[in-house]
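The values are calculated or read from the model by the stated rules, or taken from the named source; none is laboratory data. Worth saying up front: this structure is predicted, and the values here are computed from it rather than measured. FYI the Cβ positions are ideal-geometry reconstructions off the backbone, even for glycines, and counts take in every protein chain you see.
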Amino acid sequence: MSKYDPLWEHVASRGERSCTLTFDDVANIIGFRIDHSFLNYKKELLHYGYQVGKISLKNETVTFERKA
């Protein structure tokens, strides 16, 4: 089980084609702020039918997109 599983499950449960969450939203879901390790874990999201589309450090947002 990954420390990011609650986030992947949240994104998949929304069922949206694309969704954007703030870093604060993510922290509320998983209980900690994302860090550089997020980049290593993001490939796990593919198993849920989604991928990380964009990470904006300036806006502190992450956009998730359903795989085509």
Quiz item: Which residue pairs have Cβ atoms under 9 Å apart, sit 6 or more places apart or on different chains, and have a first residue in the stretch 8-24 that is without any contact (Cβ under 8 Å) to a residue 24 or more places away in the chain and a second that is of a type in the set (A, V, I, L, M) and part of a strand (DSSP E or B)?
Solution: His10/Leu21
Practice problem: Can you give me the number of residues within the stretch 34-46 that are surrounded by fewer than 16 Cβ atoms within 10 Å (Cβ to Cβ) and either under 10 Å from the mean Cα position of the chain (by Cα) or not polar (S, T, N, Q) (or both)? | Solution: 6
Quiz item: Of the residues that make up the stretch 26-33, is at least one in contact with a His (Cβ under 8 Å, 6 or more places away or on another chain) and either surrounded by 12 or more Cβ atoms within 10 Å (Cβ to Cβ) or of a type outside the set (S, T, N, Q) (or both)?
Solution: yes
Quiz prompt | Residue satisfying condition, being buried (at least 16 other Cβ atoms within 10 Å of the Cβ) and part of a helix (DSSP H, G or I), within set Val11, Val52 | solution = Val11
Self-check item: Residue under evaluation Lys58, criteria (1) assigned to a helix (DSSP H, G or I); (2) at pLDDT 95 or above, criterion not met
Solution: (1)
